[in-house]
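Chemist: A single structure is presented below for examination.
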Amino acid sequence: MPAYGHTLRFGVFLTPNSDNPDEVVGLAELAEQAGLDLVTFQDHPYQVALDTWTLLSWVAGRTQRVRLAANVLNLPLRQPAVMARSAASLDLLSGGRLELGIGAGAYWQAIEAMGGPRLDPGQAVDGLDEALDIIRAIWDTNERSAVTLDGEVYRVSGATRGPTPAHDIPIHIGGSKPRMLRLVGRKADGWIVSLPYLQPGQLESSNAIIDAAAREAERDPREIQRLLNISGRFSDTRCGFLDGPPEAWVADLLSLAVEQGVSAFILMTDDSSDIERFATEVAPQVREALRREYPELQHATKLRRAAVRSMRRAGIDYDRIPTSLAGDAVEPGDIGYVRFRSNYLRGGAPGLILRPGNVEEVAEALAYARSNPDVPLGIRSGGHGISGRSTNNGGIVIDMGKINGIEIVDPATRRVRLGPGARWGDVAAALAPHGWALSSGDYGGVGVGGLATAGGIGWLVREHGLTIDHLRAAEVVLADGSLVRASEDEHSDLFWAVRGAGANFGIVTAFELEADVVGDVGWAQLVIDASDTAGLLQRWGAAVETAPRDLTSFLIVGPPRGGQPALAYVLAVVDSNQPETIIDRVQPLADVGPLYNHQVVITPYASIMGNAQGGIHDASGDPAARSGLIEHITPEFAAAAARLIHSRVVYYFQIRAVGGAVSDVDPDATAYAHRAANFHVTAFGSSHARLNQLWDDLHHHFDGIYLSFDTDPRPERINDAFPPRTLERLRAVKERYDPENVFRDNFNVAPRRGNEFSLEGT
């Protein structure tokens with residue numbers, strides 16, 4: 001009795017008939033509506049029929065849930081590298097619903113007629129073997145090198161990898177000859193075969209060949225799904241195997257599932273009534289009978305390929321990942337690993353990424369992480385991150401990206417509820433129809449969670465304050481797994497701490513914020529001569545400080561490039577839709593130096609925050625970034641900053657306006673205490689040591705730092721971030737809510753009883 005343990009699935013095998021295209025598409029839609037799991041299509045490109053790949057793409061756009069596959073693709077007429085990109089593209093467009101069924105080819109005269117090669121049986125299997133390697137290499141963007149394979153049948157030479165599919169696309173091989181079966185055992189994720197073409201006992205003997213080949217290749221046979229195309233007839237009385245009433249079908253399919261380990265039954269039919277009966281009267285009963293009578297045949301967790309398991313990291317108990325999290329967990333070697341390993345600037349290599357989808361799963365993820373106490377723990381919302389503390393090397397990351405809801409709670413008070421995994425660009429777009437906005441950084445791809453616990457210096461900050469100043473409540477999973485609501489009236493000490501030092505106390509699963517009324521705004525982009533760098537900085541700072549609060553401006557300047565003048569980029573938002581007001585506010589900024597270029601437009605705030613490029617964070621190494629808060633751009637600071645900019649150590653230097661409404665808040669009201677600062681200064685360099693050396697020379701100018709933009713792991717950064725009284729209060733809150741210092745792999749506030757500082761990698 002094979003115990004392969006895969007989840008039982010049911011599907012349909014449709015003919016891509018070109019005589020009535022709408023009919024085959026309608027049958028696919030019916031299959032989804034009736035509850036089937038999988039829709040598959042024949043692929044015979046030499047026949048006059050709908051092209052299977054085009055049909056798959058069309059049906060993907062017409063359905064929402066059902067998985068899609070060819071049954072099976074004719075490899076000799078579909079070049080494997082191109083097939084890999086096509087499959088990845090369709091998987092991305094369909095939301096991870098593609099499965100790849102491939103065959104080595106048949107009907108060679110017809111293939112030749114279409115311009116394909118004629119292969120003998122051995123060459124056909126060898127070619128499929130090579131194709132599998134090419135396809136998986138194209139998908140594997142965890143590797144950076146180009147793909148080269150000099151096969152006997154298929155070759156690639158320096159092919160670029162990607163795109164990365166939305167999920168780890170399973171590859172099912174069709175065929176029944178021994179050599180093909182051995183290839184299935186060595187390399188495939190599934191074996192697909194048609195029962196009507198098998199001899200008695202051949203299913204069992206084929207499974208034995210597959211299993212033996214898998215073991216010889218040091219694979220677990222359970223890695224391989226068994227998919228079976230079936231045909232039959234519904235009738236009132238049993239007349240034979242799969243010929244009779246639904247209850248007879250249930251008994252027949254149950255025996256195949258139990259005795260042969262079949263986990264997917266795919267009905268070969270173009271009859272709508274048979275599809276409905278199969279989906280509603282057979283499939284549920286087979287599932288229930290298997291669950292009731294043979295629960296031991298089903299695994300609780302996903303079984304990964306041996307190649308993936310070989311890349312697991314020491315210290316992490318992968319076998320004990322909670323069932324609720326295992327399906328979406330990501331490990332090194334998984335196709336999706338590249339999407340989660342790094343953040344904006346830091347190249348990470350965590351040993352496990354857990355992706356909870358609700359509060360209960362967050363608590364489970366945290367409990368599991370605590371059961372692996374010797375590995376780092378990172379908490380990530382959107383995965384952007386300048387400081388890089390949301391990823392690690394060899395540890396566990398709890399990624400909150402799936403908890404990304406955006407909800408209007410109370411229109412009267414402009415109360416909104418945000419999940420930590422939502423992106424600020426999406427938040428801005430959701431609030432725009434109401435005429436609302438939240439000041440929230442300057443890049444729409446940033447996740448809510450990190451910014452809404454650190455501070456939130458954004459385009460509207462001088463008029464509307466920090467993001468944390470709009471926080472009215474937060475739901476937090478604590479180190480012990482309990483969920484609490486923090487507000488001015490509930491756990492007020494935690495609510496105070498979360499606003500500025502939130503990464504130290506728990507995992508926020510929901511934020512409730514009060515949005516501001518914001519309509520269209522003025523958006524200015526100026527390019528200014530920065531030859532007199534010190535003078536420019538001082539003049540810009542003075543213009544910002546004396547400007548009305550409805551203006552917020554950022555300045556970016558870098559070293560001059562060969563043969564080009566030094567340039568500064570001045571960006572500004574004016575919280576007004578009146579042209580006269582906008583020009584009045586922007587003109588002093590344009591006057592700080594010779595103007596090379598400018599653009600001033602009236603636009604929705606959401607369009608400014610719609611600047612996220614998407615894609616994968618593919619950073620490498622450890623970023624060198626430093627941060628400081630300063631009250632005024634004095635001549636002394638401007639001169640020192642100019643020397644830093646022209647040192648060639650810094651490749652990016654930015655000053656953001658703060659002040660205004662931020663300064664209206666009492667320094668003791670939140671853990672973000674540096675309310676007198678009018679500017680936030682950031683510098684990026686390529687060398688930690690060289691940047692720190694020069695930045696330390698500026699240290700006496702600053703009164704505090706903004707931790708989200710600092711990568712310096714030295715312990716004194718905590719003292720820079722929090723004044724003594726604030727830090728002591730934070731330690732007391734830490735002692736109450738996280739006495740064991742579970743949330744320590746960051747810029748750590750240790751409990752009052754301890755004095756340790758922990759940062760992963762130090």
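The values are calculated or read from the model by the stated rules, or taken from the named source; none is laboratory data. Computed from a prediction, not measured in an experiment: that's the story for all the values here. Here the Cβ positions follow ideal geometry from the backbone for every residue, glycine too, while neighbour counts run over all protein chains shown.
Chemist: For Ile316, work out the one condition from (1) touching a strand residue (DSSP E or B) at 6+ places or on another chain (Cβ under 9 Å); (2) farther than 30 Å from Gly621 by Cα it doesn't fulfil.
Modeler: Going through (1) touching a strand residue (DSSP E or B) at 6+ places or on another chain (Cβ under 9 Å); (2) farther than 30 Å from Gly621 by Cα one by one, Ile316 breaks only (2).
Chemist: If you don't mind, there's one more thing I want to ask. Under 7 Å between Cβ atoms, which residue pairs at least 6 apart in sequence (or on different chains) link something in region 613-635 that is on the phi > 0 side of the Ramachandran plot with a partner that is not charged (D, E, K, R)?
Modeler: Filtered contacts from region 613-635: Gly621/Gly347.
Chemist: Of the residues that make up region 246-259, is at least one closer than 30 Å to Ser686 by Cβ and not basic (Lys, Arg)?
Modeler: First, the residues of region 246-259 that are closer than 30 Å to Ser686 by Cβ: none.
Checking region 246-259: not a single residue is closer than 30 Å to Ser686 by Cβ and not basic (Lys, Arg).
Residue-by-condition table, conditions (1) under 30 Å from Ser273 (Cβ atoms); (2) of a type in the set (Lys, Arg); (3) in a loop (DSSP other than H, G, I, E, B):
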| site | (1), (2), (3) |
| --- | --- |
| Ala28 | yes, no, no |
| Gln33 | yes, no, no |
| Gln47 | yes, no, yes |
| Ala81 | no, no, no |
| Ala84 | no, no, no |
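Chemist: Among the numbered criteria (1) of a type in the set (A, V, I, L, M); (2) part of a helix (DSSP H, G or I); (3) closer than 30 Å to Ser687 by Cβ, which single criterion is violated by Ile582?
Modeler: Unmet condition: (3).
Chemist: A further question on this structure: Tell me, please, whether a residue that is touching a Lys or Arg at 6+ places or on another chain (Cβ under 9 Å) and closer than 26 Å to Phe495 by Cα can be found in region 683-695. Explain how you work it out, then say what you get.
Modeler: Keep residues of region 683-695 that are touching a Lys or Arg at 6+ places or on another chain (Cβ under 9 Å), which gives 683-685, 691-692, 694-695.
Keeping just the survivors that are closer than 26 Å to Phe495 by Cα gives none.
No, because not a single residue in region 683-695 is touching a Lys or Arg at 6+ places or on another chain (Cβ under 9 Å) and closer than 26 Å to Phe495 by Cα.
Chemist: Also, I was wondering about something else. Give me the pairs, please: first residue somewhere in region 481-496 and on the phi > 0 side of the Ramachandran plot, second residue anywhere and in a strand (DSSP E or B), beta-carbon distance under 6 Å, and either six or more positions apart or on two chains.
Modeler: Between residues of region 481-496 that are on the phi > 0 side of the Ramachandran plot and residues that are in a strand (DSSP E or B), the close pairs are His491/Val484.
Chemist: Can you report the number of residues in region 1-40 which are within 23 Å of Leu254 (Cα to Cα), surrounded by fewer than 22 Cβ atoms within 10 Å (Cβ to Cβ) and among the hydroxyl-bearing types (Ser, Thr, Tyr)?
Modeler: 1
Chemist: Within the group Ala689, Ala641, Ala671, which residue is assigned by TED's automatic domain parsing to the domain that holds Val557, under 33 Å from the mean Cα position of the chain (by Cα), small (Gly, Ala, Ser) and not in a loop (DSSP other than H, G, I, E, B)?
Modeler: On the way: Ala641 fails: under 33 Å from the mean Cα position of the chain (by Cα); Ala671 fails: not in a loop (DSSP other than H, G, I, E, B).
Of Ala689, Ala641, Ala671, the one residue that is assigned by TED's automatic domain parsing to the domain that holds Val557, under 33 Å from the mean Cα position of the chain (by Cα), small (Gly, Ala, Ser) and not in a loop (DSSP other than H, G, I, E, B) is Ala689.
Chemist: May I pose another question? Can you tell me which residues in region 354-388 are over 17 Å from Asn504 (Cβ atoms) and β-branched (Val, Ile, Thr)? Give the derivation first.
Modeler: Kept after step one, since they are over 17 Å from Asn504 (Cβ atoms), are these residues of region 354-388: 354-361, 363-365, 367-368, 371-375, 382-384, 386.
Answer for region 354-388, where residues must be over 17 Å from Asn504 (Cβ atoms) and β-branched (Val, Ile, Thr): Val359, Val375, Ile386.
Chemist: Tally up the residues in region 727-744 that are closer than 13 Å to Arg370 by Cα and either out of contact with any helix residue (DSSP H, G or I) (no Cβ under 9 Å at 6 or more places or on another chain) or not hydrophobic (A, V, I, L, M, F, W, C) (or both), please.
Modeler: Initially, region 727-744 is screened for residues closer than 13 Å to Arg370 by Cα, giving 738, 740-744.
Filter again for either out of contact with any helix residue (DSSP H, G or I) (no Cβ under 9 Å at 6 or more places or on another chain) or not hydrophobic (A, V, I, L, M, F, W, C) (or both), leaving 738, 740-741, 744.
Within region 727-744, residues that are closer than 13 Å to Arg370 by Cα and either out of contact with any helix residue (DSSP H, G or I) (no Cβ under 9 Å at 6 or more places or on another chain) or not hydrophobic (A, V, I, L, M, F, W, C) (or both) number 4.
Chemist: Can you tell me which condition Asp374 does not meet? The list is (1) over 29 Å from Asp489 (Cβ atoms); (2) in contact with a strand residue (DSSP E or B) (Cβ under 8 Å, 6 or more places away or on another chain); (3) of a type in the set (D, E, K, R), and all the others hold.
Modeler: (2)
Chemist: Being outside the structural domain of Arg380 (by TED's automatic domain parsing), modelled with pLDDT under 95 and not basic (Lys, Arg) is true for just one of Gly506, Gly562. Which residue is that? Talk me through it step by step, then tell me what you get.
Modeler: On the way: Gly506 fails: modelled with pLDDT under 95.
Exactly one residue qualifies, and that residue is Gly562.
Chemist: Tell me yes or no: at least one residue of region 610-620 is crowded, with 21+ Cβ neighbours inside 10 Å and either in contact with a Pro (Cβ under 8 Å, 6 or more places away or on another chain) or not in a loop (DSSP other than H, G, I, E, B) (or both).
Modeler: The answer is no; no qualifying residue exists.
Chemist: Next up: So if I check each of Ile230, Ile266, Ile209, which one is within 35 Å of the chain's Cα centre (by Cα) and buried (at least 16 other Cβ atoms within 10 Å of the Cβ)? I'd like the intermediate steps shown before the answer.
Modeler: On the way: Ile230 fails: within 35 Å of the chain's Cα centre (by Cα); Ile209 fails: within 35 Å of the chain's Cα centre (by Cα).
Exactly one residue qualifies, and that residue is Ile266.
Chemist: Moving on. Which of the residues spanning region 115-128 are under 18 Å from Met83 (Cβ atoms) and exposed (fewer than 13 other Cβ atoms within 10 Å of the Cβ)?
Modeler: Gly115, the sole residue that qualifies.
Chemist: Out of all the residues in region 692-718, which are assigned to a helix (DSSP H, G or I) and of a type in the set (D, E, K, R)? Steps first, answer last, please.
Modeler: Filtering region 692-718 for residues assigned to a helix (DSSP H, G or I) gives 692-701, 707-709, 716-718.
Selection gives Asp696, Asp697, Glu716, Arg717.
Chemist: Identify, by number, the condition in (1) surrounded by fewer than 21 Cβ atoms within 10 Å (Cβ to Cβ); (2) in contact (Cβ under 8 Å) with a residue 60 or more places away in the chain; (3) under 26 Å from Gly185 (Cβ atoms) that His172 doesn't meet.
Modeler: Unmet for His172, out of (1) surrounded by fewer than 21 Cβ atoms within 10 Å (Cβ to Cβ); (2) in contact (Cβ under 8 Å) with a residue 60 or more places away in the chain; (3) under 26 Å from Gly185 (Cβ atoms): (1).
Chemist: Check Phe653 against each of (1) assigned to a strand (DSSP E or B); (2) out of contact with any helix residue (DSSP H, G or I) (no Cβ under 6 Å at 6 or more places or on another chain) and name the one condition it does not meet.
Modeler: With (1) assigned to a strand (DSSP E or B); (2) out of contact with any helix residue (DSSP H, G or I) (no Cβ under 6 Å at 6 or more places or on another chain) applied to Phe653, the lone miss is (2).
Chemist: If I ask for residues that are surrounded by fewer than 23 Cβ atoms within 10 Å (Cβ to Cβ) and part of a helix (DSSP H, G or I), which ones from region 89-105 would you list?
Modeler: Ser89, Leu90, Leu92, Leu93
Chemist: Right, here's the next one. State whether one or more residues within region 293-303 are under 21 Å from Asp220 (Cα atoms), at pLDDT below 95 and under 20 Å from the mean Cα position of the chain (by Cα).
Modeler: yes
Chemist: Let me ask another. Out of all the residues in region 195-202, is one or more part of a helix (DSSP H, G or I) and either in contact with a helix residue (DSSP H, G or I) (Cβ under 6 Å, 6 or more places away or on another chain) or closer than 26 Å to Arg85 by Cα (or both)? Steps first, please.
Modeler: So the first thing to find is which residues in region 195-202 are part of a helix (DSSP H, G or I), and the list is 195-197, 202.
Next cut, either in contact with a helix residue (DSSP H, G or I) (Cβ under 6 Å, 6 or more places away or on another chain) or closer than 26 Å to Arg85 by Cα (or both) only: none.
Taking every residue of region 195-202 in turn, none turns out to be part of a helix (DSSP H, G or I) and either in contact with a helix residue (DSSP H, G or I) (Cβ under 6 Å, 6 or more places away or on another chain) or closer than 26 Å to Arg85 by Cα (or both).
Chemist: Hey, Arg312 hits all of (1) under 21 Å from the mean Cα position of the chain (by Cα); (2) surrounded by fewer than 18 Cβ atoms within 10 Å (Cβ to Cβ); (3) part of a helix (DSSP H, G or I) but one; which does it fall short on?
Modeler: (3)
Chemist: Which residue, of Gly351, Gly333, Gly347, is farther than 18 Å from Lys402 by Cβ and either among the hydroxyl-bearing types (Ser, Thr, Tyr) or modelled with pLDDT of 95 or more (or both)?
Modeler: That would be Gly351, the only listed residue that is farther than 18 Å from Lys402 by Cβ and either among the hydroxyl-bearing types (Ser, Thr, Tyr) or modelled with pLDDT of 95 or more (or both).
Chemist: Further question: Of the residues that sit in region 318-366 and are buried (at least 23 other Cβ atoms within 10 Å of the Cβ) and among the basic types (Lys, Arg), which one is farthest from Ser686 (Cα to Cα)?
Modeler: Looking at residues that are buried (at least 23 other Cβ atoms within 10 Å of the Cβ) and among the basic types (Lys, Arg), I get Arg341.
Chemist: Moving on. For region 151-169, name all the residues that are within 29 Å of the chain's Cα centre (by Cα), touching a residue at least 40 places away in the same chain (Cβ under 8 Å) and in a strand (DSSP E or B).
Modeler: Filtering region 151-169 for residues within 29 Å of the chain's Cα centre (by Cα) gives 158-169.
If we keep only those that are touching a residue at least 40 places away in the same chain (Cβ under 8 Å) too, we end up with 159, 162-169.
Ala159 - this is the single residue of region 151-169 that is within 29 Å of the chain's Cα centre (by Cα), touching a residue at least 40 places away in the same chain (Cβ under 8 Å) and in a strand (DSSP E or B).
Chemist: How about region 458-485: which of its residues are more than 17 Å from Ser381 (Cβ to Cβ), aliphatic (A, V, I, L, M) and touching an Asp or Glu at 6+ places or on another chain (Cβ under 8 Å)?
Modeler: Residues satisfying the conditions are Leu460, Ala473, Leu478, Ala479, Leu483, Val484.
Let's see how each residue does on (1) of a type in the set (Gly, Ala, Ser); (2) part of a loop (DSSP other than H, G, I, E, B); (3) touching a residue at least 60 places away in the same chain (Cβ under 8 Å):
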position: Glu296; (1), (2), (3): no, no, yes
position: Val308; (1), (2), (3): no, no, no
position: Pro332; (1), (2), (3): no, yes, yes
position: Ile335; (1), (2), (3): no, yes, yes
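Chemist: If you don't mind, there's one more thing I want to ask. Show the residue pairs that are 6+ apart or on different chains and have beta-carbon atoms under 6 Å apart, the first residue being within region 261-279 and under 16 Å from Ser194 (Cα atoms), the second being at pLDDT 95 or above and small (Gly, Ala, Ser).
Modeler: Ile266/Gly11; Met268/Ser231
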